[in-house]
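The values are calculated or read from the model by the stated rules, or taken from the named source; none is laboratory data. Because the structure is a prediction, the values reported are computed rather than measured. Positions of Cβ are backbone-derived with ideal geometry, glycine not excepted, and every protein chain shown enters the neighbour counts. Ligands, DNA and RNA are stripped out before the accessible areas are found, and what is left, the full protein with its side chains, is counted by its heavy atoms. Shrake-Rupley method; radii C 1.70, N 1.55, O 1.52, S 1.80 Å.
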Amino acid sequence: MSYEIRAVRADEWEQVRDLRLQALQDPAAPIAYLETYEAAKARPDQFWQDRAAGNSHGRDGRQFVAVDEHGCWVGATVSIIEHAGREDFFGVVMPVTGAHFVGVYVDPEHRGSGLVQRLFEAAAEWSWSVEGVERARLFVHQDNHRAQAAYKKIGFERSGGVVPLEADPSKLEYEMVLSKP
C-alpha cells in the first residue's frame, strides 16, 4: 500500500480530531497518551480548528499525517519545538533547542509497514530545518515495549532521563533522543 506523508492543512480539523479520537481508543492509549478519549471528545470544535491551523504552518509545531491510497488518515505525529532556556511541558528548562515528538499513532492495520519511520522522517526533516534545533526527543511509557522497540529501530536511544507519571508516580516515562545527522 502507498501512503502520502505530509503536514496537516488548516482546514482539516475534523480529520485531526477524528484521528486523535481513534488513537485514544487504542488499547495502548492509557500508557501512550496523557489525554483521555472522554476529555478529547468533550473539546469544542474551535479547539480542533485552532490545533489544525497551528500545526499546519506553525513555526513552533507541525503535525504530520499518513494518508492511505483511499484517502483515509492512518497515522500521525507532531513535532513541537522546545527552545533553549524555556521550560518544557514538565517544567524543566531546556538546555538546548530541540524537537519534541508527541501524539504518535499508527492505525493497527498499518503497523509493521514502516509507516512510523516515514512519519518520523518527515517530522525530523522539518524539525532539522528549524534554526537552532540540535536534537529530537520523545517520552515513552516504561510498559510500552512495542513503541520503545519501534523508536529504537528508527534510531532513538534512551537518554537516561525519566519522568514519573503524574497519575501514577510509580510508573515512569523514558526520554529517548535522536541526534541531528
Next on the checklist: Can you tell me which of (1) assigned to a loop (DSSP other than H, G, I, E, B); (2) surrounded by 12 or more Cβ atoms within 10 Å (Cβ to Cβ); (3) in contact with a His (Cβ under 8 Å, 6 or more places away or on another chain); (4) in contact (Cβ under 8 Å) with a residue 12 or more places away in the chain is the one Met1 doesn't meet?
Outcome noted: (2)
Next on the checklist: Can you confirm whether Ala10 is open to solvent by less than 30 Å² (accessible area, probe 1.4 Å) and not in a helix (DSSP H, G or I)?
Outcome noted: no
Item to check | Any chance Arg62 is surrounded by fewer than 15 Cβ atoms within 10 Å (Cβ to Cβ), assigned to a strand (DSSP E or B) and of a type in the set (Lys, Arg) | outcome: no
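Table: residues versus (1) part of a strand (DSSP E or B); (2) modelled with pLDDT of 95 or more; (3) open to solvent by 40 Å² or more (accessible area, probe 1.4 Å).
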site: Gln22; (1), (2), (3): no, yes, yes
site: Thr77; (1), (2), (3): yes, yes, no
site: Ile80; (1), (2), (3): yes, yes, yes
site: Val102; (1), (2), (3): yes, yes, yes
Checklist entry - Among the numbered criteria (1) part of a strand (DSSP E or B); (2) open to solvent by less than 30 Å² (accessible area, probe 1.4 Å), which single criterion is violated by Asp26? => result (1)
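Quick one: is Glu121 open to solvent by 70 Å² or more (accessible area, probe 1.4 Å) and either farther than 24 Å from Ala28 by Cα or modelled with pLDDT under 95 (or both)?
Values: open to solvent by 70 Å² or more (accessible area, probe 1.4 Å): yes; either farther than 24 Å from Ala28 by Cα or modelled with pLDDT under 95 (or both): no.
Criteria not met by Glu121.
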